[in-house]
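The values are calculated or read from the model by the stated rules, or taken from the named source; none is laboratory data. Nothing here was measured: the structure is a model prediction, and the numbers come from that model. All Cβ positions, glycine included, derive from the backbone under ideal geometry; neighbour counts span all protein chains shown.
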Amino acid sequence: MERKKCEECGGKIEKKIVDYLFLGESLGKFPAEVCMKCSEQVFDESVTKKIAEIAKRKGLFGLNERAKINQIGGSVGITINKKIADFLQLKKGEEVLLYPENRKRLIIQIP
């Protein structure tokens, strides 16, 4: 069944070829239904499977990880797993900038 209206905002849906970005990297161009009002993109199941395969092949799949807060003297620390550290190209002793976006989100910026 072809979508005519966006379920989110009621905008008109058009079929387009879009560049799929994941974690800042292009995984390729794929057909999608795109809302002309809110820009929501919907991919069919076969395209979604292909995108997941490409993300896995590039080592981008599964980079989210839970971490515990550790006590380090009078400070606290978070350990970043190797897979994420490798993706971000972090090196021991490298300096990063930390700042809260709000009370639920901490930003780690790599210069």
Answer yes or no as to whether residue 102 is more than 17 Å from residue 25 (Cα to Cα) and either surrounded by fewer than 10 Cβ atoms within 10 Å (Cβ to Cβ) or under 22 Å from the mean Cα position of the chain (by Cα) (or both). yes
Hey, can you tell me all the residues within region 40-79 that are closer than 27 Å to residue 98 by Cβ, out of contact with any Leu (no Cβ under 6 Å at 6 or more places or on another chain) and surrounded by 13 or more Cβ atoms within 10 Å (Cβ to Cβ)? 61, 63
Determine if region 42-50 includes at least one residue that is among the acidic types (Asp, Glu) and closer than 30 Å to residue 106 by Cβ. no
Is it the case, given these coordinates, that residue 37 is surrounded by 12 or more Cβ atoms within 10 Å (Cβ to Cβ) and either outside any loop (DSSP other than H, G, I, E, B) or under 15 Å from the mean Cα position of the chain (by Cα) (or both)? no
Listed by first then second residue, the pairs whose first member lies in region 44-58 and is within 11 Å of residue 27 (Cα to Cα) and among the aliphatic types (A, V, I, L, M), whose partner is in a loop (DSSP other than H, G, I, E, B) and at pLDDT 95 or above, with beta carbons under 8 Å and at least 6 positions apart or on separate chains, are 51/43
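Looking at residue 9, is it in contact with a strand residue (DSSP E or B) (Cβ under 8 Å, 6 or more places away or on another chain) and in a loop (DSSP other than H, G, I, E, B)?
Here the answer is yes, as residue 9 does meet what is asked.
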